[in-house]
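Every read-out reported here was derived from the displayed coordinates using simple, explicitly stated rules and does not represent laboratory data. Here the structure is a predicted model, which means the values were calculated and not measured. A quick note on method: Cβ atoms are made from the backbone with ideal geometry, for glycine too, and the neighbour counts reach across all protein chains shown.
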Amino acid sequence: MQNFKAPQRDTLFTLYELFGFDKHYADLGFDEVSHDLVTAIFSEAAKFAENTLAPINAIGDQEGCVWNEGEVTTPTGFKEAYHQYVEGGWPSMAQPEEFGGQGLPYSLATSMAEWFSGANHSWAMYPGLSQGCMETLKAHGTQAQKDMFLHKLVEGSWTGTMCLTESHCGSDLGMLKCKAEPNEDGTYSLTGTKIFISAGEHDMSDNIVHIVLARLPDAPAGTKGISLFIVPKFNVTENGELGDRNAVTCGSIEHKMGIKGSATCVINFDGAKGHLIGQPNRGLNCMFTFMNIARIGTGMEGLSAIEASFQGALAYAKDRLQFRSLTGRKNNNGPADPIIVHPDVRRMLLTQKALREGNRALAIYCMQMVDITLYGKDEAKKQESESKLALLTPIVKAFLTETAQEATSYGMQVYGGHGYIAEWGMEQLARDTRICTMYEGTTGIQAIDLLGRKIAGSQGQLLQGFAQEIRTYCEQLRAKSQFNAWANAVESHLDEWTQLTRDIMKAAANNPDELGAAAVDYLMYSGYVTVAYFWLRMAVTAQEKLDAGTSDKAFYDAKLQTAQFYFDRILTRTRSLVSAINSGSDNLMSMDEELFYQG
């Protein structure tokens, strides 16, 4: 496979030219986080992604993890790469200085996490889970719990996990059975089994801190009776040092389609010592801190796969000679033309490129909102950002991962038969990325969250707030006739988005299945329209740079032409989604289940 290159130029464009992160960081008090500092940090992160993580990506897929009597050995090079990651200070970047962190913005660390995942998805999952663990402790832990666990997690010598799923309940957490019995010393004894625990056991860190959902003896049934616990692999003393081995064991690891270098574990708790985090029976509320971060992170995994697949496909399309162009030969010195001259190959490459850059804009916009919620002083702006995140988080998680399935499939397709064999790495990308639409809540669950909990639950207010931002921007372009057509397209979709919402809510009032029937198509529609808004903004920014006489003309010309492709060929997908939404639920629900298979 073509060597992975961190997309530094496009990330910097999105941060600084599109979203004005120089002012953003200054407004939040990060005066020291200058453009030059960010560029320097990006350069080092790129070296780590390209020179350390990418070379062991295929090794991780070939070797996988090995389980032996409860111990898990990671693939060759994974442990050494993690130690290099820790030595480089990467785990501590966005963590508070009081716990040994560097106090840098969330968005800075997260934008580089995309590159690490693009270089090596399996490896990046180990430190990725730790970030959610730390955020949960910071948000809901007592000072004593923070002192016990955060210093080692921040420095990276310990890692973290999220333990939700049990064999009889996946996303329906109200059914979980893992129990927690109170001990006389204020701790709890946890008993039960969790499955599908990413990074649940490995040889890369000295301790693993599990964040675990369980039930207290007197807990009410359902989701209202779930509490949250900290359960370390090795018990921890009050001053944060390792103690004896806790009753936590890895029963097995899963044999999977992809991300084989990431240990996906069955974890057994046999009276394991745990610490209650947050209030009793309020564990799911606390866990959403972890889950929301994980959902944005999973969306970033989808984005990183699009990036890696596009890089490989583009390099191959420029080099592979097959047939002659329909408009006459382009490669006079060769037996055939490079396949990038063929319209269908360009269709696939431009789809990858349009999704790569549009999805990155959406992701970084959300990072900007997270920054404001974490560090902002203006309560009104914080509330506005929280509302936007509530709306956009399920879109980021589901839309970015669903479009990654398409993009990685195109990556294989551009290679033809070579894309199907292992040596080029494209089929690994497709396999690794397939999980992203499933974990941290499937696409269907994200869609119900968006349409039911967020849209209907706010009586449409979350949508209207974001829609007003888009409408205001489009109105500001009235004097820029060059962009009127695209601005009008965004506005007309905005009107349609609002009307679709009303129609679905009205139909669901009489038949709740109407909401479920429309949800995924509605989410994808929302994603295409949201990304269209960001493509409009990117096009305007690119034209402004061209008008100012930039020396990087090719970069901005490419932005404008990719925007044209998005509006002409990608945004039009909303037509079929509207048709599906308007068809209602009868075509899904009327068939008796006995009729599904009549073979």
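Couple of notes before you dig in:
- Per-residue ³J(HN,Hα) for region 274-279, Karplus 6.51 cos²θ - 1.76 cosθ + 1.60, θ = phi - 60°, Hz, x for Gly and Pro: x, 10, 5, 10, x, 8
- The lysines within cross-link reach of residue 233, meaning a Cα-to-Cα straight distance under 23 Å and a gap of 8 or more places when in the same chain, are 79, 138, 146, 152, 177, 179, 194, 260, 273.
- Counting neighbouring Cβ atoms within 10 Å and putting the fewest first, the residues 211, 306 line up as 211, 306.
- Summed side-chain charge close to residue 95 - residues other than residue 95 whose Cβ falls under 13 Å, Lys, Arg +1, Asp, Glu -1: -1
- Neighbour net charge for residue 469 - beta-carbon separation under 13 angstrom, K R +1, D E -1: +1
- Taken one residue at a time, the phi angles of region 144-150 give Karplus couplings (6.51, -1.76, 1.60, θ = phi - 60°) of 5, 5, 4, 5, 6, 10, 6 Hz. Gly and Pro are set to x.
- Projected label points at residue 331 and residue 481, each 7 Å from Cα along the beta carbon direction, are separated by 4.4 nanometres.
- Three-way shape call for region 459-587 based on the alpha-carbon gyration tensor, with the a/c threshold at 1.5: prolate
- Here the dipole of region 1-128 is about 320 debye; that uses its Cα centre as origin and unit charges on the Cβ of Lys and Arg (positive) and Asp and Glu (negative).
- Our note on the geometry: Cα centres of region 221-275 and region 306-342, 50 Å apart.
- Relative contact order of region 459-587, pairs being alpha-carbon contacts under 8 Å that are 6 or more residues apart, as %: 28 percent
- Using C-alpha pairs below 8 Å separated by at least 6 residues, the relative contact order for region 119-240 is 28 percent.
- Sorting 510-517, 265-272 by average packing, meaning the other beta carbons within 10 Å per residue, from highest down gives 265-272, 510-517.
- Efficiency of FRET between residue 548 and residue 51 - r from beta-carbon atoms, R0 35 angstrom, step 0.05: 0.50
- Calculated [θ] (222 nm, deg cm²/dmol) that DSSP helices of n ≥ 4 give over the chain, each run adding -39,500 (n - 2.57): -17500 deg cm²/dmol
- Ordered by the number of other Cβ atoms lying within 10 Å of each residue's own Cβ, fewest first, 530, 550 fall into the sequence 550, 530.
- The dipole here belongs to region 459-587: it is taken about the Cα centre, uses +1 on the Cβ of Lys and Arg and -1 on the Cβ of Asp and Glu, and is about 340 debye.
- With R₀ fixed at 22 Å, the C-beta to C-beta distance from residue 459 to residue 582 puts the FRET efficiency at about 0.50.
- Given [x] 79, 65, 60; [y] 106, 58, 38; [z] 74, 63, 50, the label whose value is Cα extents along the principal axes in Å derived from this model: [x]
- Given charges at Cβ of Lys, Arg, Asp, Glu: region 459-587 dipole, positive-most of 488, 511, 463: 488
- Each residue in 339, 293 was given a count of other beta-carbon atoms within 10 angstrom of its own, and listing them fewest first yields 339, 293.
- If you sort the three axes of the alpha carbon gyration tensor as a ≥ b ≥ c, you get a/c of 1.5 or more for region 262-313 and a/b no higher than b/c, which makes it oblate.
- J(HN,Hα) series, region 95-104, from Karplus relation 6.51 cos²θ - 1.76 cosθ + 1.60, nearest Hz, glycine and proline x: 9, x, 5, 5, 10, x, x, 9, x, 8
- Here region 287-449 is assigned +1 on the Cβ of each Lys and Arg and -1 on the Cβ of each Asp and Glu. Its dipole about the Cα centre then comes out at about 600 debye.
- Listed residue (395, 429, 411) projecting farthest to the positive dipole end of the chain, Cβ model: 411
- Efficiency of FRET between residue 282 and residue 203 - r from beta-carbon atoms, R0 41 angstrom, step 0.05: 0.75
- Look at the dipole of the chain built from charges on Cβ: of 556, 113, 479, the Cα furthest out on the positive end belongs to 479.
- Theoretical gain in end-to-end length, residue 568 to residue 503 [0.36 nm per residue, Cα-Cα removed]: 20.7 nm
- Rule-of-thumb Rg ratio for region 287-449 [Cα; 2.2 N^0.38 Å; N residues]: 1.27
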